[in-house]
Amino acid sequence: MAEKTHTIAVVGGGIAGLTLTLGLLHQKVPVTLYESASSFGEIGAGVAFGPNASRAMELIDPKIRQGFENRKTQNLWESKKSRWFDFRYGVGKKIGEGPEERVGELIVSLDTPPGRGTVHRAHFLDEMVALLPDGISRFGKRLVDLTDEGPEKGVVLRFADGTEARHIAVIGTDGIKSRTRELLLGEGHPAAKAFFSGKYAYRALIPMQKASELLGEELANNSQMYFGNHGHVLTFPIERGKTMNVVAFRSREKWENPEWVITVDKQTMQNDFKGWSQHVQNIIANVEKPNIWALFMHPPAPYYYKGRVCILGDAAHASTPHCGAGAGMAIEDSYVLSGLIGQETIDGDLEAAFKAYDAVRRERSQKLVVESKRQAEIYEFEVPEIGEDKESVAAIMRTRMSWIWDEDLPAEARLASELLQKFKAESGTARL
Ligand SMILES: Cc1cc2nc3c(=O)[nH]c(=O)nc-3n(C[C@H](O)[C@H](O)[C@H](O)COP(=O)(O)OP(=O)(O)OC[C@H]3O[C@@H](n4cnc5c(N)ncnc54)[C@H](O)[C@@H]3O)c2cc1C
């Protein structure tokens, strides 16, 4: 194997960029990570990883999985350790249909296969940053433009601070507003930018002691989801039970503000959940800084790479969060792509590696975008044939997540590897 003399540029240091960078380093592929902010950072909120995501971490590098295990929280009650969510009604009967006897009633309790856990985003990021060797990260580097000059010369990156860099290939992990995606698809391309999904969310962290007083220990200590008309609220413990994470969703037709995160007053937020169950209202009343996050999603990109430029994570397939699986998909992407690149010399056929990644990952990751939107419609009683009926909701929820959680990732990687060889043979770069 020829020496890997040049480096790959990874643009964006979120969960996608960091898992990819660590994966490439694990494969002994030299890499430079460019981040627009002045340091690595994640928001103060929780994130849940399904069994597929934690398996992907392990497969990329057991140290990433260990970092997750170091910080992971599960439901606090022993009997609910493997519980995904207890799904409950968060609203009473429809107005005019009688008293609120249904409020809080359990719809269904569903478990996950082993490996699920929740974590404070910033803490998970810290664990990964601790694994990065010195000297590979560059901060204050906002990518504004790219020119792919072909396999010999590589790709020139231009940053907002006026500097340039040349790399053998570029992988954009620059999130839902990805500049790399725009440049890859073309600025006017209909899939270049994300669109508003019709849902928005309030996010908050409530100290567990307070949450237990408000909700009782069972509901505060273990993942809960409250369904309502055009809204739902979920809670789960993070930080080993010190904190309860809250995400409260509502719907609106349009989002016209250029900002996607805005601050509203408490009354606006409380009005949004007027008439919901006392549990939900107690949660909402204890959100200290009400910020609304508009939830956007990507139209399906027709390809994830062109030449030596590739996209991964939210940059490739930003989804609404209703399956709790967007970051997990990014980690799966990182596993498959870092493995493929690891099989190539850096001067080898990276285009064939990108092509194999695109062939294996695009359909699955774009399916999440569609299924996640559908998931909210179920949670929010918007699917006419399911409606609010307990048995129908329970039946559909029992089957909806296995395609995400039970994925055979090594089989995906094997298929990707076979495709890599095929594509190399077709392009004449396969070694005899
Ligand atoms: C409310 C909510 C809840 C969610 N809950 C879950 C969950 O429970 N489980 C789950 O798996 N997923 C969840 N997700 C989805 C998950 O947050 C994302 O899929 C994931 O964080 C995407 O990571 P990323 O690294 O691709 O993008 P990002 O986290 O957006 O990172 C992109 C990085 O690129 C940098 N950057 C941006 N532009 C440039 C540029 N031009 N040049 C250089 N750097 C740049 C940014 O500063 C940032 O560091 C949720 C999402 C939301 C909105």
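The values are calculated or read from the model by the stated rules, or taken from the named source; none is laboratory data. None of the values given here were measured: they were computed from a predicted structure. Note that we place each Cβ from the backbone using ideal geometry, even for glycine, and neighbour counts take in every protein chain shown. We work out accessible area using only protein heavy atoms, side chains counted, and drop any ligands, DNA or RNA first. Shrake-Rupley method; radii C 1.70, N 1.55, O 1.52, S 1.80 Å.
A compact table of results
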quantity: P299 vs. criteria within 17 Å of the chain's Cα centre (by Cα), away from the ligand (no atom under 15 Å from the Cβ) and open to solvent by 10 Å² or more (accessible area, probe 1.4 Å); calculated: yes
quantity: Cross-chain or 6+ apart pairs with Cβ under 8 Å, region 275-289 first and basic (K, R), then buried (at least 16 other Cβ atoms within 10 Å of the Cβ); calculated: K289/A204
quantity: Residues located in region 392-406, provided they are buried (at least 18 other Cβ atoms within 10 Å of the Cβ) and within 22 Å of the chain's Cα centre (by Cα); calculated: M397, M401, I404, W405
quantity: Single condition V280 does not satisfy, out of (1) open to solvent by 30 Å² or more (accessible area, probe 1.4 Å); (2) at pLDDT below 95; (3) not in a loop (DSSP other than H, G, I, E, B); calculated: (1)
quantity: Odd one out for D389, checked against (1) at pLDDT 95 or above; (2) out of contact with any His (no Cβ under 6 Å at 6 or more places or on another chain); (3) open to solvent by 10 Å² or more (accessible area, probe 1.4 Å); calculated: (1)
quantity: Of all residues making up region 229-244, the number that are assigned to a loop (DSSP other than H, G, I, E, B) and surrounded by 24 or more Cβ atoms within 10 Å (Cβ to Cβ); calculated: 0
quantity: Scope region 302-322; condition within 14 Å of the ligand (Cβ to nearest atom) and either on the phi > 0 side of the Ramachandran plot or in a strand (DSSP E or B) (or both); matching residues; calculated: V309, C310, I311, G313
quantity: Output for region 323-345, where each listed residue is near the ligand (Cβ under 9 Å from one of its atoms) and either open to solvent by 10 Å² or more (accessible area, probe 1.4 Å) or part of a loop (DSSP other than H, G, I, E, B) (or both); calculated: C323, G324, A325, G326, A327
quantity: Selection within region 11-56 - of a type in the set (A, V, I, L, M) and under 24 Å from G135 (Cβ atoms); calculated: V11, I15, A16, L18, L20, L22, L24, L25, V29, V31, L33, A37
quantity: Any hit, region 176-189, residues being in a strand (DSSP E or B) and either without any contact (Cβ under 8 Å) to a residue 12 or more places away in the chain or open to solvent by less than 60 Å² (accessible area, probe 1.4 Å) (or both); calculated: no
quantity: The lone exception for Q267 - which of (1) within 23 Å of the chain's Cα centre (by Cα); (2) more than 10 Å from the ligand (Cβ to nearest atom) it fails; calculated: (1)
quantity: Residue ID - farthest from the ligand (Cβ to nearest atom), chosen from residues in region 176-205 that are over 14 Å from Y304 (Cα atoms) and of a type in the set (G, A, S); calculated: G188
quantity: Verdict on S212 being surrounded by 16 or more Cβ atoms within 10 Å (Cβ to Cβ), closer than 23 Å to R116 by Cβ and among the polar types (S, T, N, Q); calculated: yes
quantity: Whichever residue in region 137-156 is outside any strand (DSSP E or B) and open to solvent by 40 Å² or more (accessible area, probe 1.4 Å) and, among such residues, is nearest to the ligand (Cβ to nearest atom); calculated: R142
quantity: Residue within region 407-420 that is under 25 Å from S251 (Cα atoms) and without any contact (Cβ under 8 Å) to a residue 12 or more places away in the chain present; calculated: no
quantity: Single residue of G241, G275 found to be out of contact with any helix residue (DSSP H, G or I) (no Cβ under 8 Å at 6 or more places or on another chain) and at positive phi; calculated: G275
quantity: Residue satisfying all of: in region 10-56; under 16 Å from L337 (Cα atoms), within 7 Å of the ligand (Cβ to nearest atom) and among the β-branched types (V, I, T); nearest to the chain's Cα centre (by Cα) among these; calculated: I15
